[in-house]
Amino acid sequence: MTIFRKLVVASNNLHKIAEIRAVLGGAWDVISAQDLHKGIKWDETGATFIDNARIKVKALRAYTDQLILADDSGLCVDALSGRPGVHSSSYAGVEGDHHANNIKLLHDLSGVPKGSRTAQFLCLLLLDQNGIESVFEGRCEGEIAEEVAGSGGFGYDPLFVEHSTGKLMAKMSLAEKNIVSHRGKALLKLKAKLNV
C-alpha cells in the first residue's frame with residue numbers, strides 16, 4: 001500500500017506545480033497555495049530569492065503545519081547586470097505577464113549581439129518543516145534568443161536557449177526540461193532529501 005505524503009507548494013503557477021509533481025512522483029500529494037486555502041496572497045518584496053521564499057512560507061504557515069515548499073526563481077542576464085533577477089515575473093510592470101516580460105527583455109537587449117546574450121536561470125527551493133529550513137539551488141546556463149519561439153513551458157522559456165542541448169526551452173518536452181532546467185536540478189536535490 002502506497003503512503004501519500006503531503007507537500008504544500010507556495011505557488012499558484014500550475015506549470016511549476018506540474019514540474020514538481022513530475023519529479024517527485026506519485027508518493028507525494030503536491031498541492032498549491034490555492035488548494036490549501038482560497039485567497040492566500042503575498043507580496044514578493046524581498047531583495048533576494050531566499051527573502052522572497054521566506055515571505056511565501058510565512059504566508060502559508062498560518063494555514064498548515066504540513067511541509068511547505070517555496071520556490072523563488074528568475075532569469076539573470078549578464079548584459080543587464082543580472083536583471084531581471086528577483087523581479088523576473090513582474091519585469092514589464094505587471095505580475096505574471098509573460099508575454100510583456102519577453103517583449104521588454106528583447107527591447108532591453110536590442111543591439112546586444114549573439115554571443116553576448118548569456119544568461120542563467122536560477123531556482124531556489126526552500127523546504128520548511130515548521131521552522132527548520134533546507135535550501136536547494138539549481139542553475140541553468142544559456143543564452144537569450146533574438147525572437148520568441150516555441151509553445152511549451154512558460155515565462156522566459158520562449159527566449160531561453162539552454163547551452164548543453166542548444167535547444168530553446170519552449171521547444172522541450174516537460175521530461176527533457178526537467179533534466180536540464182534550474183528547477184529540475186533543484187528538485188532532484190529536494191527529492192534526495194525527501195528520500196523519494
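Read the figures in this text as sums done on the coordinates, not as results from a lab. Just so it is clear, the model here is predicted, and its values are computed rather than measured. Neighbour counts run over all protein chains shown; Cβ positions are idealised from the backbone, glycine included.
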Angle in degrees between helix 14-24 and the longest Cα principal axis of the chain, rounded to the nearest 10: 60 degrees
Distribution of pairwise C-alpha distances over the stretch 39-102, 5 Å bins, in %: 4, 17, 23, 23, 17, 9, 5, 2, 0
Signed unit charges on C-beta, dipole axis of the stretch 70-142, positive-most listed residue G115, S134, N102: G115
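Taking only C-alpha pairs under 8 Å that are 6+ residues apart, what is the relative contact order of the chain in percent?
Working: 376 pairs, mean separation 34.8, N = 196.
Computed value for the chain: 18 percent relative contact order.
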Tilt relative to the chain, helix 182-194 - C-alpha long axis, 0 to 90 degrees, to 10: 20 degrees
The stretch 128-196, relative contact order in percent, only Cα pairs under 8 angstrom and at least six apart counted: 31 percent
Estimated inter-spin distance, R83 and I132, nm [label 7 Å along Cα→Cβ]: 4.2 nm
D29 long-range amide H proximity, modeled H, under 5 Å: R5, K6, L7
Residue-averaged 222 nm ellipticity for the chain, from DSSP H runs of 4+ at -39500 (n - 2.57), nearest 500: -9000 deg cm²/dmol
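Starting from the eigenvalues of the Cα gyration tensor, five times each then square-rooted, give me the equivalent ellipsoid semi-axes of the stretch 111-161, largest first, whole Å. Kindly include the intermediate steps, with their values, before the conclusion.
On the way: eigenvalues 193, 36, 8 Å².
That gives 31, 13, 6 Å for the three semi-axes.
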Helix 49-61 axis, angle to the chain major axis (alpha carbon atoms, nearest 10°): 30 degrees
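For each of E137, E95, E143, count neighbouring Cβ atoms within 10 Å of the residue's Cβ, then give the residues from fewest to most.
Numbers: E137 15, E95 12, E143 19.
Ranked by crowding around the Cβ, least crowded first: E95, E137, E143.
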Paramagnetic reach from H99 (point 7 Å along Cα→Cβ, amide N under 14 Å) across the stretch 130-154: 148-149
Cα-Cα pairs of the stretch 1-76 separated by more than 18 Å (percent): 41 percent
Eligible aspartates and glutamates near K171 by straight Cα distance, threshold 16 Å, same-chain separation 8 or greater: E19, E143, E146, E147, D157, E162
Nearest-20 debye value, the chain charge dipole, Cβ charges on Lys, Arg, Asp, Glu: 480 debye
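Taking a 21 Å limit on the Cα-Cα distance, which of the listed pairs K16/K185; K16/K114; K6/K189; K16/K189; K58/K104; K114/K189 fall beyond it?
Details: K16/K185 13 Å; K16/K114 29 Å; K6/K189 18 Å; K16/K189 16 Å; K58/K104 31 Å; K114/K189 33 Å.
Over 21 Å Cα-Cα: K16/K114; K58/K104; K114/K189.
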